[in-house]
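The values are calculated or read from the model by the stated rules, or taken from the named source; none is laboratory data. For clarity, every value in this text was computed on a predicted model and none was experimentally measured. Cβ placement follows ideal geometry from the backbone for every residue including glycine, while neighbour counts extend to all protein chains displayed.
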Amino acid sequence: MAPPSHLVALNSAGLRFGTKTLFQDLTFGLARGEKACLVGRNGTGKSTLLKIMAGQQELDEGQRFLQPGITVAYLPQDPVFNQDETVFDHVKAGLRPDVSEADYLVDAMLDHVKLPGDRRLTGLSGGEGRRAALARALISDPEVLLMDEPTNHLDLPTIQWLEEELKNFRGALMVISHDRTFLNHLTRQTFWLDRGTVHRLGKGFEHYEAWAEEMRENEEQEFHRLKRKIVREEHWLQRGVTGRRKRNMGRLRNLQDLRQKRAEWMKGPGTAKLQVETLDTGGDKVITAENISKSYPLAGGGTRKIIKDFSTKVKRGDRIGIVGPNGAGKSTLVKMLVEKIEPDTGKVDLGTNLTMLYFDQKREDLDPNSTLWETMSPGGGDSIMVRGQQKHVVSYLKDFLFDEGQVRQPVYTLSGGEKNRLLLARMFAQASNLLILDEPTNDLDMDTLDLLVEVLDDYDGTLLLVSHDRDFLDRLATAIYAVEGDGTVVEYAGGYSDYRAQKALSETATAPSDTTPVKSKPQKKENAPRAKSSAKLGYKEQRELDSLPGLIEKLTEQSDNLQAELTNPELYSKNPERFQEATKLLEKTQNELEASEERWLELEEKQENLKAGKL
């Protein structure tokens with residue numbers, strides 16, 4: 001039985017897909033007022049678990065409990081629409097039957113998500129479809145709200161509006177999302193689905209990574225104890241089981257259970273092996289744009305200015321984040337900058353010897369009916385060239401967490417995250433010096449997203465990043481192009497947090513007297529390097545700073561041990577070779593210790609200056 005406080009709960013739940021057990025004997029629930037996130041790697045069953053809680057999928061064993069009279073609203077990762085329905089009718093169908101003034105409420109909700117009610121669901125973009133599904137879920141005023149990747153395809157203003165709505169939500173909320181900033185701002189409980197078990201943390205997502213690391217360390221210690229126990233049991237088995245077989249079959253079964261448990265631990269969750277190679281060709285100049293503009297005709301006559309009089313210079317190694325509301329012109333700007341479409345006025349010059357790779361969020365380059373094998377090797381054969389080396393298709397796809405049974409399946413059977421991993425696999429098989437990534441973070445699990453950030457941080461080429469993921473932009477971008485939606489594009493130094501801070505200062509300075517502020521592009525020193533986000537250190541530097549105290553402690557201990565050994569007056573006379581070896585090792589250790597301490601002080605000072613806004 002679920003505790004009385006739970007509005008929805010699972011008790012001894014189990015589910016299998018074919019021969020694979022997704023989870024077994026799983027028990028947990030949600031209480032009123034809880035704002036929880038469900039985290040875990042792709043393929044562990046997060047979306048399936050949410051469907052079960054929503055009553056959209058049956059269990060193989062166990063029970064789903066729902067308090068009587070409770071309304072559950074569910075936002076799926078990939079909503080399915082009745083294409084003949086209007087947006088208004090689709091959202092209205094989410095209302096409770098006893099609600100009065102229904103049309104007024106629907107109109108107000110559509111105004112919040114910026115959708116016209118008379119549009120047919122046919123032909124909605126990914127972002128528009130997501131907003132329609134979101135409006136239907138929220139308008140029902142449920143007691144339990146379950147949301148699978150709610151921020152996918154949403155622009156930043158809508159994400160921030162959604163955050164405020166959910167902060168005021170009084171029911172039970174569970175959300176799956178890769179958006180760290182969204183989860184940090186919203187959640188107060190964390191459920192971690194890991195190899196069929198749900199672990200609960202009574203704190204929000206911002207505490208998850210430290211907690212998960214502690215649990216992994218504890219598991220590692222338990223794993224070592226288990227291995228030692230297996231060795232003891234195997235020793236007993238070899239020496240004593242033949243003479244006491246009948247009496248000790250229970251102990252033999254226990255050994256088999258230990259081996260099975262060890263095998264499951266050995267499997268563990270996989271980690272994608274992402275690598276990207278940078279071509280050394282090309283010069284320092286990548287893109288030069290001078291006063292480029294683009295307009296599109298309106299259905300009722302006239303034109304709409306998408307981009308007007310924008311100029312910029314992009315150099316090798318720049319990481320440009322491109323933000324703005326949906327429909328503002330972000331994709332148009334990118335396509336003009338890389339000469340995929342011509343500007344109406346102005347000109348674009350590309351640098352020499354550019355090799356460009358393009359990640360398309362719509363996944364239009366993926367044929368849904370082709371297999372994964374055919375996608376990677378369209379010309380046939382069982383191997384492909386990966387960054388200049390021949391590699392078997394199956395082996396390469398395993399690096400991106402696809403198992404051998406999937407490579408002959410069609411693309412349409414993949415989840416959103418798996419499709420994104422397939423696109424990354426195809427892209428990263430080639431070397432480049434210019435990467436254009438349009439919403440690459442959608443549907444990726446956080447471990448893969450962290451690895452993607454690490455790989456891109458090491459990339460020596462140029463990045464153009466279209467993204468609504470604030471944390472992703474803060475960790476990578478060295479400049480932001482803000483596409484405002486009225487044709488204006490403003491360039492800001494730093495990451496997303498810097499952009500917001502600079503924009504707020506600009507609006508504060510002009511607000512009292514100037515009702516129509518003129519936004520101008522800030523002047524840059526021609527040879528000045530682009531500043532990284534002032535909010536925090538870059539990903540690699542933060543990781544280095546975190547590891548240095550442990551390294552310093554280890555080197556200090558090693559130095560103390562060597563000094564103690566060298567103070568032995570008999571060492572030189574009895575073992576001169578060891579004396580010489582220890583002397584050289586001590587010198588090397590002390591040099592490494594000094595360098596590590598200096599680097600730690602340097603990074604600590606940089607971090608303090610960044611937090612104080614001095615860099």
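When the stretch 406-434 is filtered for residues that are in contact (Cβ under 8 Å) with a residue 60 or more places away in the chain and of a type in the set (A, V, I, L, M, F, W, C), the ones remaining, listed by number, are LEU423, LEU424, MET427, PHE428, ALA431, LEU434.
Selection of helices (runs of 4 or more DSSP H) fully inside the stretch 84-148 by the criterion of at least 1 residues being of a type in the set (Gly, Ala, Ser) and free of Cβ contacts under 8 Å to residues at least 12 places away in the same chain returns 102-113.
Scanning the stretch 141-162 turns up no residue that is surrounded by 15 or more Cβ atoms within 10 Å (Cβ to Cβ), touching a Cys at 6+ places or on another chain (Cβ under 7 Å) and not charged (D, E, K, R).
Please tell me if LYS308 is closer than 22 Å to LEU476 by Cβ and modelled with pLDDT of 90 or more.
No.
Hey, any hits in the stretch 24-47 for a residue that's exposed (fewer than 13 other Cβ atoms within 10 Å of the Cβ), under 27 Å from GLY202 (Cβ atoms) and not assigned by TED's automatic domain parsing to the domain that holds LEU451? Yes, the conditions are met somewhere in the stretch 24-47.
When the stretch 479-524 is filtered for residues that are modelled with pLDDT under 90 and among the hydrophobic types (A, V, I, L, M, F, W, C), the ones remaining, listed by number, are ALA493, ALA501, ALA504, LEU505, ALA509, ALA511, VAL518. Checked across the stretch 530-540, the condition of being at pLDDT below 75, within 30 Å of ASP460 (Cβ to Cβ) and assigned to a helix (DSSP H, G or I) holds for at least one residue. Scanning the stretch 369-380 for residues that are closer than 22 Å to GLN275 by Cβ and either small (Gly, Ala, Ser) or in contact with a strand residue (DSSP E or B) (Cβ under 7 Å, 6 or more places away or on another chain) (or both) gives MET376, SER377. Just name the residue that is nearest to ILE322 (Cα to Cα) out of those in the stretch 467-500 that are outside any strand (DSSP E or B) and more than 24 Å from the chain's Cα centre (by Cα). Checking each candidate, the answer is GLU484.
Is it the case, given these coordinates, that LEU38 is over 26 Å from ASN184 (Cβ atoms) and not basic (Lys, Arg)? So LEU38 fails the test. Set side by side, the residues ILE159, ILE139 differ, and just one is under 30 Å from THR181 (Cα atoms) and touching a Gly at 6+ places or on another chain (Cβ under 6 Å), which is ILE139. A Cβ distance below 6 Å, combined with a sequence gap of six or more or placement on separate chains, defines the contacts here; from the stretch 495-512, residues that are assigned by TED's automatic domain parsing to the domain that holds ILE480 and at negative phi reach residues that are part of a helix (DSSP H, G or I) and at pLDDT 85 or above in the pairs GLY495/LEU473; GLY495/ASP474; TYR496/ARG470; TYR496/LEU473; TYR496/ASP474; SER497/ASP474. Pairing residues of the stretch 277-306 that are more than 23 Å from TYR481 (Cα to Cα) with residues that are in a strand (DSSP E or B) and basic (Lys, Arg), at Cβ distances under 6 Å and at least 6 apart in sequence or on separate chains, gives LEU298/ARG304.
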